[in-house]
Amino acid sequence: MNDKPAALAHLKVLDLSRVLAGPWCTQMLADLGADVIKVERPGAGDDTRHWGPPFLQDAQGHDTDQASYFTACNRNKRSITIDMAQPEGQALIRQMAVQSDILVENFKVGGLAAYGLDYASLKALNPRLIYCSVTGFGQDGPYAERAGYDLMIQAMTGMMSITGKADEVPGGGPQRVGVALTDLFTGVYAATAILAAIEVRHRTGEGQHIDMALLDVGMAILANQAAGFLNTGKVPQRQGNSHPSLAPYQDFPTLDGAMLLAIGNDGQFRRFCNAVGKPEWADDERFAGMAGRVTHRSALIPAMEAVTRTRTTAQWIALLEDKAVPCGPINDLGQAFDDAQVKARGLVVNQPLAPAVVAQSAIESIATVASPLRLMATPPVLLRAPPALGEHTDEVLAELGLDAAQMAALRQAGVV
């Protein structure tokens, strides 16, 4: 994050998306240098601006009315407020689309056609436009008209059926993943598809429509669990923090809490056994190979737990880290952000807000998690903090060629 050229600085993105999946995609593009203009509803903005607590705090540490959720996926963007229900607002968005390389939207299927902002309408004005639609269930099929939410998709795809403790264990039952996993992955897949479409446009000169569905992504990220079912017909079950194909690969109790062991091969298992003074485990025919350890985990895991309870988590990490045995703490977020490696990688960025925004909101800066995309020659950029609602409206309108009188008229009419 320095003065090197940004990878996507030549691209303009019109962001008509709200909440998480679409904004996650456009933040990835913005972090790589694209000029992303986020269009929001006048007076209200993106829903997530109000999804609190937790709320952003002012300089005195008091809660404001600005939810922190919005800041997770809207860094490096410019915000303009436009009422697209008004013809003048639609005209402004069409004008912006003509000047854009990419448009991302997450309206219901067909929802933008009434405004003349659907792909067919905008393609006629800008054939080079790459138009990415993000919906719950896709542009076709019997569920196309349904609204889709991450929690619903986690339930429908079976993700919740393989997350959590088994039914017979106390606290057992289906669980959602602790973040909106399908929304986030949909954003990542959407950004990948957009970059692929950019590459195609280099060859053809034409843009295209991209149909991203949370359902499709939710099924895709079942990964090895889906592969196992599709090729055996066996429905995988919940098994807490253990792994269906690896053992020992789970949490273990320690003298002062718990730790995570992620032993992925026979060599790691033997080194663990030697380190804890139990070389006979690695020689036991039941445990010598991975398949055997999985089959006989009911005998292996209790024996290991009796040993892991004899040292603290820190002592276990110290013992195993130089023996190439994957072992680590189970951190909360405070511990995670305090971790030495997290700090060394610079994974927290704190961006000051513009003076005018500080004067209005009393919020002086916003902290976010750094982009994980480490391109050495064209690293991610930190150009702007997550924007205040409509912070860049005048700036963007001026770039469209509007003068002060025209802007004032649009404001008077409630268009911006």
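The residues listed here are Ser100, Ser79; of these, the one that is in contact (Cβ under 8 Å) with a residue 40 or more places away in the chain, assigned to a strand (DSSP E or B) and farther than 24 Å from Gly136 by Cα is Ser79. The set of residues in segment 197-230 being assigned to a helix (DSSP H, G or I), touching a residue at least 60 places away in the same chain (Cβ under 8 Å) and open to solvent by 60 Å² or more (accessible area, probe 1.4 Å) consists of Asp216, Met219. Here is the figure for segment 393-416: residues that are surrounded by fewer than 20 Cβ atoms within 10 Å (Cβ to Cβ) and assigned to a loop (DSSP other than H, G, I, E, B) total 6. With respect to Asn265, is the statement that it is more than 26 Å from Ala227 (Cα to Cα) and modelled with pLDDT of 95 or more true? Here the answer is no, as Asn265 does not meet what is asked. Meeting the requirement of 3 or more residues that are more than 36 Å from the chain's Cα centre (by Cα), the helices (runs of 4 or more DSSP H) wholly within segment 235-310 are 266-275, 279-283, 297-308. Looking at (1) open to solvent by less than 70 Å² (accessible area, probe 1.4 Å); (2) in contact with a strand residue (DSSP E or B) (Cβ under 9 Å, 6 or more places away or on another chain); (3) not in a loop (DSSP other than H, G, I, E, B), which is the one condition that is false for Asn350? Checking Asn350 against (1) open to solvent by less than 70 Å² (accessible area, probe 1.4 Å); (2) in contact with a strand residue (DSSP E or B) (Cβ under 9 Å, 6 or more places away or on another chain); (3) not in a loop (DSSP other than H, G, I, E, B), the one that fails is (1).
Among the residues making up segment 107-157, those that are at negative phi, out of contact with any His (no Cβ under 9 Å at 6 or more places or on another chain) and small (Gly, Ala, Ser) are Gly111, Ala113, Ala114, Ser121, Ala124, Gly136, Ala144, Ala147, Gly148, Ala155.
Please report, ordered by residue number, the strands (runs of 3 or more DSSP E) entirely within segment 19-74 with at least 3 residues that are open to solvent by less than 50 Å² (accessible area, probe 1.4 Å). Because the criterion is at least 3 residues that are open to solvent by less than 50 Å² (accessible area, probe 1.4 Å), the strands (runs of 3 or more DSSP E) in segment 19-74 that meet it are 35-40. Any idea which residue in segment 327-346 is nearest to Pro380 (Cα to Cα), counting only those that are open to solvent by 50 Å² or more (accessible area, probe 1.4 Å) and either outside any helix (DSSP H, G or I) or touching a helix residue (DSSP H, G or I) at 6+ places or on another chain (Cβ under 6 Å) (or both)? Top of the filtered list is Arg345.
Across segment 76-85, the qualifying residues are those that are open to solvent by less than 10 Å² (accessible area, probe 1.4 Å) and β-branched (Val, Ile, Thr), and the one among them that is farthest from Val13 (Cα to Cα) is Ile82. Check segment 86-100 and report whether any residue there is surrounded by fewer than 18 Cβ atoms within 10 Å (Cβ to Cβ), of a type in the set (Val, Ile, Thr) and at pLDDT 95 or above. Yes, because at least one residue in segment 86-100 is surrounded by fewer than 18 Cβ atoms within 10 Å (Cβ to Cβ), of a type in the set (Val, Ile, Thr) and at pLDDT 95 or above. Entry remark, segment 279-316: residues being without any contact (Cβ under 8 Å) to a residue 60 or more places away in the chain and either charged (D, E, K, R) or open to solvent by 40 Å² or more (accessible area, probe 1.4 Å) (or both) number 21 in total.
Among the residues of this structure, Tyr149 counts as one that is of a type in the set (Phe, Trp, Tyr), out of contact with any strand residue (DSSP E or B) (no Cβ under 9 Å at 6 or more places or on another chain) and open to solvent by 30 Å² or more (accessible area, probe 1.4 Å). The single condition among (1) in contact (Cβ under 8 Å) with a residue 60 or more places away in the chain; (2) more than 23 Å from the chain's Cα centre (by Cα) that Gly116 does not meet is (1).
The values are calculated or read from the model by the stated rules, or taken from the named source; none is laboratory data. Please read all numbers here as calculations on a predicted model, not as lab measurements. With ideal geometry, Cβ positions are generated from the backbone for all residues, glycine too; neighbour counts draw on all protein chains shown. When the accessible area is computed, the model is the full protein with side chains, heavy atoms only, and any ligands, DNA or RNA have been set aside. Shrake-Rupley method; radii C 1.70, N 1.55, O 1.52, S 1.80 Å.
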